[in-house]
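Shown next, in structure tokens, is the structure this report addresses.
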């Protein structure tokens, strides 16, 4: 239940109802597609039906003959008007390959679904029909779809001119791994296959670009997590000045990384508006949204243990099928998967090789977890496998190998510096939350009846708030706090909300720091002409850096207000009390002033009682988390994260051995996100990520045929979980505040997809262990599980 | 010039209490008409295949997916969208208030469809079981909440709408 709060109490730590949740409930939230402007035109994009093909010619004359069409142009024409799309994260900075990324295919299409031509018309239906009248002459090439084929010797290069298809190879090595493996008592190898699943927010992407004739500039209403960095991309791609671009990220209907920029449609739709001098809107179809991939990778995890079950070495070799080149930051997930090894485990000797491989599949974009979820999946499946092979309980093996609570700050073998944590405590809390022993007993009883219950546990370490030097992925952010002459507050912040209600968290923090009623606070996000320069939403950063900067700015403004209040009351500032909007002083018992009266005086009496301050009542401050270190250490390593949230997920399931169907029986998570600003909102993040990870492990799968043609085109094929699929989730907090961040914040939004997916796979393997089934390939569809059961026991299957 | 010609039909809709007479082309959906002709932007496009439920409205008191309902098939119909639930003074319907209080939405894109589906359920069934709620909301996908807070919101709405429930629970 939401708590009511009197003005004098603090808001932080309470389940304050999200102000921004009212508008969607009455149908009045303004999502990007809800904006329509005078003279509005609509775009439809014609896409390549081939995964790889030479484009011999594009004839748009048929489209131009359709009544209501304003523009129909091909990739070459767009090329002439634009530069390559600026990379969100340029792989060349990290020693990888780079190429010019056109808004549309020019001579060659390099994946199914790549834009080839675009039509702009009076309405969507006309644009779609006209696009069907465009004639494209292709010569199909043999597509490179499989990652093994892409890395094979002599493979055709997906990008002409590249000597091979590896976009980037990154090794993470430390210690003497060979010696550790040579001396080990046990080496357990686990081959983990993670499939292609993406975040699929309920709102697809939408861009509505307006050419502003008066200022010769562009206003883009867009589903965008990072408005300021996108502004630079649009400017560079369209050869305009950055100050001629305004991005407005309105209410966002979910993002989870998919709305991080680099998409070709972003500059493309802006170009259409510029060429036509009219507003142009494009709405992504679900089929188009399903082109966007993530996480398709295979791991070969080798863990070396001594005779006591202590991990002494870790190897992994990862091949990731990242699809065609893209300006989106999806490829960087592969880098992060390696950087986050070996997760929560204390092992110095590591030898991890990450290969991000280009193919003729559509490209990735960022997805919740940003590669760190894949670390969790690979490590946690391997830990359970090791526990089984070593004859140790998976709980004990983890407890034996966790980094100890008193070892923080902890220097990881990849150069990360984990700020704080109590990993054993989090695990035990999760087990208590689900009643682990109770389920163990039920499992044993069920097995006697011939029913297969399983309990799976997985840990996820989620570095949050990341920043990469030399890129527009920044570690800091800025906010403005402005108190008006009537005592009401406007907060402007560089962080954006993908639908998490982080504006309410900002308001809670501002209300506490200013000492005002939260109802007096309005928060604005996502407008580059209004907000301070900011980097938006990614990497679980919003409340860490947004909240920190709001707090600093609010403290500055509060100091000004206090100074004026003290001057008005003729007392010292440190004698002031502010209770329920009324200032009083311990030095003067009878005199009081309202907060609003003090604010009014601050604006209007600048030459007498407010001489002591610089008006207006406004401050802009930046929070730069001190934990980040970009200066390389003696090994050349940096610590790009200020914060290391962590969590344990537990899944209890029952497997129907006749059908292979998995039923979820009980779920629990214990989470360390530092100080919880708003419990009901954090619980929402935990539960949402849990469902997303379970969906990924069970049924979400974007499939292509052997020619690289997309098979998964709707939610009929891409099966996300529905309400009945998910039993109640027990959520517990076990917080070790980050010693470096405001209020000890660690971030709550990114964690969960990997931990929950891994816990599910571990639960199924636990359930089917009596049958000798062991699966490390996702998703665990009924057919895959049923086949594994049939093939178990040396092909004997179940009796 | 090639003109796109299509047959059209005259339909009469009462949408959230307001009467509209519209000439609609054969290919247009109820969602198109609600959003583009009547300005009911609270009804959302999520998939265009009827799977996600973001477009859910009530047609003559029963929930339906407006993205796969051809407008021309509705010669006369009473439509309720999420925008029609407020009371005369602009106050929230108890079910809207429950979703707000219990954080039954995050990004809110699915919320209009989910609230209407829940309303249809609790109007007929004052004491829905967990299974009843799951069945009633099976047509809607939510990507943010993991559904926990949605279940709680529906249960809370029943308590508020039918105070006698408190004794039963």
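Each reported figure results from applying straightforward, stated rules to the coordinates on display, with no laboratory input. Small disclaimer: the values here were computed from a predicted structure and weren't measured. A quick note on method: Cβ atoms are made from the backbone with ideal geometry, for glycine too, and the neighbour counts reach across all protein chains shown.
Normalised by the number of residues in chain B, what is the relative contact order in percent for Cα pairs under 8 Å and 6+ residues apart? Write down the numbers at each step before the final one.
Working: 290 pairs, mean separation 36.3, N = 169.
Computed value for chain B: 21 percent relative contact order.
Under the rule of -39500 (n - 2.57) per DSSP H run of 4 or more residues, summed and divided by the residues of the protein assembly as shown, what mean residue ellipticity at 222 nm is obtained, to the nearest 500 deg cm²/dmol? All intermediate terms of the calculation are to be shown ahead of the outcome.
Values: 25 runs with 264 residues, N = 968.
The per-residue figure over the protein assembly as shown is -8000 deg cm²/dmol.
What per residue convex hull volume, in Å³, do the alpha-carbon atoms of the protein assembly as shown yield?
On the way: hull volume 182.3 nm³, N = 968.
Dividing the Cα hull volume of the protein assembly as shown by its residues yields 188 Å³.
Determine how many Å³ per residue the convex hull of the Cα atoms of the range A:179-252 encloses.
Working: hull volume 14.2 nm³, N = 74.
Residue-normalised Cα hull volume stands at 191 Å³.
Between residue A:711 and residue A:787, what is the label-point separation in nm under the 7 Å Cα-to-beta-carbon projection?
The modelled label-to-label distance comes out at 1.0 nm.
Assuming 0.36 nm per residue, please report the length gained on full extension of the stretch residue A:54 to residue A:76 beyond their Cα-Cα distance.
6.6 nm
If you find the alpha carbon centre of the range A:23-39 and of the range B:29-80, how far apart are they in angstrom?
Value for the Cα centre distance between the two parts: 16 Å.
Over the residues of the range B:94-168, compute the C-alpha Rg and express it relative to 2.2 N^0.38 Å. Don't jump to the answer; show the numbers that get you there.
Working: Rg = 11.2 Å, N = 75, 2.2 N^0.38 = 11.3 Å.
Against the empirical 2.2 N^0.38 Å value, I get 0.99 for the range B:94-168.
So for the range A:493-569, Kirkwood radius off the Cα pairs, Stokes-Einstein at 25 °C and 0.890 mPa s: how many µm² s⁻¹? Each step should come with its number before you reach the end.
Working: Rh = 13.1 Å.
It comes out at roughly 187 µm²/s.
Along each principal axis of its Cα atoms, how long is chain B end to end? Whole angstroms, biggest number first, please.
67, 32, 24
Rounded to whole Å and ordered largest first, report the semi-axes of the equivalent ellipsoid of the range A:326-396 derived from its Cα gyration tensor (root of 5λ).
Working: eigenvalues 163, 31, 24 Å².
Taking √(5λ) for each eigenvalue gives 29, 12, 11 Å, largest first.
Using 1/(1 + (r/R0)^6) with R0 = 35 angstrom and r between the beta carbons of residue B:160 and residue A:594, what's the FRET efficiency to the nearest 0.05? Let's see the in-between values first.
Details: r = 36 Å, r/R0 = 1.02.
Efficiency computed from Cβ-Cβ geometry: 0.50.
Over the range A:390-471, one equal point on each Cα, no solvent: what is log10 I(q)/I(0) by the Debye formula at q = 0.17, 0.20, 0.23, 0.27 Å⁻¹?
The computed values of log10 I(q)/I(0) come out as -0.84, -1.01, -1.19, -1.38.
Return the single residue from B:113, B:90, B:139 with maximal mean-square fluctuation; model: Gaussian network over chain B, springs between Cα atoms under 10 Å.
B:90
Would you give the gap between the C-alpha center of the range A:554-589 and the C-alpha center of the range B:95-150, rounded to a whole Å?
47
Counting only other chains, and only Cβ atoms inside 10 Å, what mean value do you get across the residues of A:717-723? Provide the component values of the computation, followed by the final result.
Working: counts 2, 2, 1, 5, 5, 10, 19.
Rounded to a whole number, the mean comes out at 6.
Please give the peptides A:695-702, A:161-168, A:553-560, B:151-158 ranked by average Cβ packing (other Cβ atoms within 10 Å per residue), highest first, as a rough proxy for protection.
Details: A:695-702: 25.4, A:161-168: 16.8, A:553-560: 20.5, B:151-158: 23.4.
Top to bottom by mean Cβ count within 10 Å: A:695-702, B:151-158, A:553-560, A:161-168.
Determine the shielding of peptide B:96-102 by partner chains: average, over its residues, the number of Cβ atoms on other chains within 10 angstrom of each Cβ.
Details: counts 5, 3, 1, 4, 9, 6, 5.
For peptide B:96-102, the averaged partner shielding equals 5.
How many partner chain Cβ atoms sit within 10 Å of a residue's Cβ in peptide A:27-40, on average, as a whole number? Can you show the working numbers first?
Working: counts 17, 5, 9, 1, 7, 0, 4, 5, 1, 4, 0, 0, 0, 0.
Per residue, the average neighbour count from other chains is 4.
In chain B, what percentage of the DSSP-assigned beta bridges are antiparallel, given to the nearest 5? List each step's numbers first, then the result.
Details: 15 of 19 bridges.
If I count the DSSP bridges inside chain B, around 80 percent turn out antiparallel.
Across every pair of different alpha-carbon atoms, what Kirkwood hydrodynamic radius in Å does the range A:641-722 reach? Intermediate results must be reported in sequence, preceding the final value.
On the way: mean 1/r = 0.0644 Å⁻¹.
Its Kirkwood hydrodynamic radius stands at 15.5 Å.
When the distances between all Cα atoms of the range A:132-225 are binned every 10 Å from zero, what whole-number percent does each bin get?
Computed distribution, short to long bins: 9, 16, 21, 28, 14, 7, 3, 0.
Given the C-alpha atoms of the range A:667-779, compute the convex hull and give its volume per residue in Å³.
On the way: hull volume 18.1 nm³, N = 113.
Looking at the range A:667-779, the number lands at 160 Å³ per residue.
Could you tell me whether the range A:77-197 comes out rounded, prolate or oblate from its Cα gyration tensor? Rule is a ≥ b ≥ c as square roots of the eigenvalues, rounded for a/c under 1.5, then prolate if a/b exceeds b/c, otherwise oblate.
Values: a/c = 2.68, a/b = 2.38, b/c = 1.13.
Taking the square roots of the gyration eigenvalues as a ≥ b ≥ c, the range A:77-197 is prolate.
If you average the C-alpha positions of the range A:618-633 and of the range A:237-257 separately, how far apart do those two centres end up, in angstrom?
24
Under 8 Å for C-alpha pairs, at least 6 residues apart: give me the relative contact order for chain A, rounded to a whole percent.
On the way: 2064 pairs, mean separation 121.1, N = 799.
That works out to 15 percent.
What order, most packed first, do the peptides A:37-46, A:348-357, A:496-505 have when packing is the mean number of other Cβ atoms within 10 Å of each residue?
Working: A:37-46: 19.5, A:348-357: 23.4, A:496-505: 27.4.
The packing order, highest mean first, is A:496-505, A:348-357, A:37-46.
Between the helical axis of B:111-124 and the dominant principal axis of chain B, each derived from Cα atoms, what acute angle in degrees is found, rounded to the nearest 10?
Computed tilt is about 60 degrees.
Using a ≥ b ≥ c from the Cα gyration tensor of the range B:63-108 (square roots of the eigenvalues), is it rounded, prolate or oblate, where a/c under 1.5 gives rounded and otherwise the larger of a/b and b/c decides, a/b for prolate? Don't jump to the answer; show the numbers that get you there.
Working: a/c = 4.02, a/b = 1.75, b/c = 2.29.
It is oblate, given that a/c is not under 1.5 and a/b is not larger than b/c.
With the cut-off at 1.5 for a/c, could you classify the range B:8-84 from its C-alpha gyration tensor as rounded, prolate or oblate? The partial results should precede the final answer.
Details: a/c = 1.57, a/b = 1.19, b/c = 1.32.
It comes out oblate by the Cα gyration axes.
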